[in-house]
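Undergrad: Below is one structure. I have some questions about it.
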Number of protein chains: 2
Amino acid sequence: MSDPSHHYLALSGGVGGAKLCLGLARLLADRLSLIVNTGDDFEHLGLYVSPDLDTALYTLAGLVNPVTGWGRSGETWTFMAALEGLGGPGWFKLGDGDLATHVLRTERLKGGATLTAVCAELARRFSISARILPMCDERLRTLVETEIGTLAFQDYFVREQCRPRLRQIRFEGAAESKPTAEVLEVLADPLLAGIIICPSNPFLSVDPILAVPGLRGALRAARVPIVAVSPIIAGQAVKGPAAKIMAELGIAADSRSIARYYAGLVDGFIIDVADSGLAADMPLPVKVTKTLMATLDDKIALARTCLAFCAELGAGAGPMLVRTQGQRHDAG
Amino acid sequence: MSDPSHHYLALSGGVGGAKLCLGLARLLADRLSLIVNTGDDFEHLGLYVSPDLDTALYTLAGLVNPVTGWGRSGETWTFMAALEGLGGPGWFKLGDGDLATHVLRTERLKGGATLTAVCAELARRFSISARILPMCDERLRTLVETEIGTLAFQDYFVREQCRPRLRQIRFEGAAESKPTAEVLEVLADPLLAGIIICPSNPFLSVDPILAVPGLRGALRAARVPIVAVSPIIAGQAVKGPAAKIMAELGIAADSRSIARYYAGLVDGFIIDVADSGLAADMPLPVKVTKTLMATLDDKIALARTCLAFCAELGAGAGPMLVRTQGQRHDAG
């Protein structure tokens, strides 16, 4: 199906994206790289917390809490109980084992390491074969303009549980950010054969990545098929506030809207069988499959579909490229 | 025995001192103030750790681990396991609940609070009636010159388990430190009736307190009896390296040496019944009692002896003062 020498890149947010990343990692091992959203990162109690990177790390390490999809399995909560006993904030849950990640990362960052370097160290310690890259090393922060004012992402997402009506999403610090050398290295890899945009929230998880100046252009310039998986199934987000946000932004909450949103960037779009009725009226090539990932087999099956779709699009006509033996030449 | 309006001050290091502080606290409640050694404080993994303050807090809050005498009872160790899994340092044990104290204190200090203010906040949260005061708000650090070089206190005490032969003890930053307003307020309290130096290590726990410029003089200037409890029983330290250190410094490891060390500062000295043979040849008034504190009753009994000794010395002749109704006048 996919050439065993080919490399792939996935763009991911948190829980939903990480599920597909796990499927991809099982197929590709060290031939997989991830660019992960860090727009949700924040300083909490003096600790640098990076929710999506941690979800990617714990998921690919096989350590993730299978019930929540984030945090560590077998976690204990003694710290939180003691913290709340001391009048500390209880709205953001830091598990005892999870704290080790935050404490170590915070110390490394203070010591001058880049987020990319710290993430690589953690991935190595977790024996993860895939390369997990933050979207940038600068502080690009997702801010949400809501009916109750501007909120930092975690305040909106966790503390306010996405309740306030959303008006606009901004990416503070975007102008000062840039793609890392490591991200550009992945995109320049002659063995790169496809880019997969995971079924993450396009507005809150993928847009921050694309807000890094030059990154969107670099993705296109890699001249490999870009395939996105819809995070919407039958008008509902599998997880998170995507459908609610779309309604608040005046966008119809369906896969077609997502396809339109990604038009100009992606070459192929994967939707769930529940949305097969929408396949005919899409602005780009579509693959219909089961996108709900309940089991590891589901994750691997969807990953396989993504890779096959990349191969198919890469071999076809249009602006895409056929690659042989690491060389590039225009197809058609 | 002791006037129910009288206030007392205790100077304390870690575990041994905290035991007597608990006895004193049971008798005195909010009429007790502590000055606690902070020469052992250090930054670990970016967290400000204050071992003796924490031992005082946990002990007086009734939360201390009864087996170790430090740390919290019912503690879990998920953080340490995760930290070591990530290659982090395992030599200093941070319990999950204990971490809440360090994280909160570190954040408050970064926000500009003094160590004294943070300690007061923690004591309030722990519902502690006694006033727990760090010896100073500046960073005065105990350094140990050993046969293997200069070691920070925790490196010597915890990591190296006091094994290296000790040559000298230094207090880095002492010149830049000063007694806090809160400590001076306690010493100026007209109801203060006595000062107790707990059975802590004179060299490693009490000397750092006395190294704060002006503090020794302020203790004397309070003109109340100062009573010390020997940390040595029958040539042995109940806990910690006091006897080993004394041998390495060429001082006979017995209560008489401790009495000589404290001469000029203290007015009365309390030794254990096991050392009653030394009572005759002491440079200052001595009280012989059971100083080993295995049970809460032992702690309260020793505390009672300390208060009675203060009352006795305060009513006697010499440089001491008799105080009535908060007024001071020279006795004899």
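Undergrad: Can you tell me how segment B:76-210 classifies by the Cα gyration tensor, rounded, prolate or oblate, using a/c under 1.5 as the rounded cut? Walk me through the numbers before you get to the answer.
TA: Values: a/c = 2.02, a/b = 1.20, b/c = 1.68.
Oblate.
Undergrad: Let me ask something else about it. For residue A:148 paired with residue A:265, estimate the spin-label separation in nm (one decimal), with each label point 7 Å from Cα along the Cα-to-Cβ line.
TA: Computed distance between label sites residue A:148 and residue A:265 equals 2.9 nm.
Undergrad: Would you calculate the separation in nanometres between label points at residue A:216 and residue B:5, each defined as 7 Å from the Cα along the Cα-to-beta-carbon direction?
TA: 7.8
Undergrad: Continuing with this model, one more query. Helix B:15-28: angle to the longest alpha-carbon principal axis of chain B, degrees 0 to 90, nearest 10?
TA: Its long axis makes an angle of about 50 degrees.
Undergrad: Excluding residue A:106 itself, calculate the net charge of residues whose Cβ lies under 14 Å from the Cβ of residue A:106, where each Lys or Arg counts +1 and each Asp or Glu counts -1. Intermediate values should be presented prior to the final figure.
TA: Numbers: positive: A:105, A:108, A:110, A:139, B:110; negative: A:41, A:43, A:54, A:98, A:107, A:121, B:43, B:107.
Neighbour charge sum, excluding residue A:106 itself: -3.
Undergrad: If you take every residue apart from residue B:289 with its C-beta less than 11 Å away from the C-beta of residue B:289, what net charge results, scoring Lys and Arg +1 and Asp and Glu -1?
TA: 0
Undergrad: Under a plain spin-label model, where a point goes 7 Å from the Cα along Cα-to-Cβ, how far apart in nm are residue B:292 and residue A:117?
TA: Simple spin-label model gives 5.4 nm for this pair.
Undergrad: Also, quick follow-up: How crowded by other chains is A:92-102, given as the mean number of beta carbons from other chains within 10 Å of each beta carbon? Walk me through the numbers on the way to the answer.
TA: Values: counts 0, 0, 4, 4, 11, 10, 3, 9, 13, 4, 1.
For this peptide, the per-residue mean of nearby foreign Cβ atoms is 5.
Read the figures in this text as sums done on the coordinates, not as results from a lab. Here the structure is a predicted model, which means the values were calculated and not measured. Cβ atoms come from the backbone with ideal geometry, glycine included; neighbour counts cover every protein chain shown.
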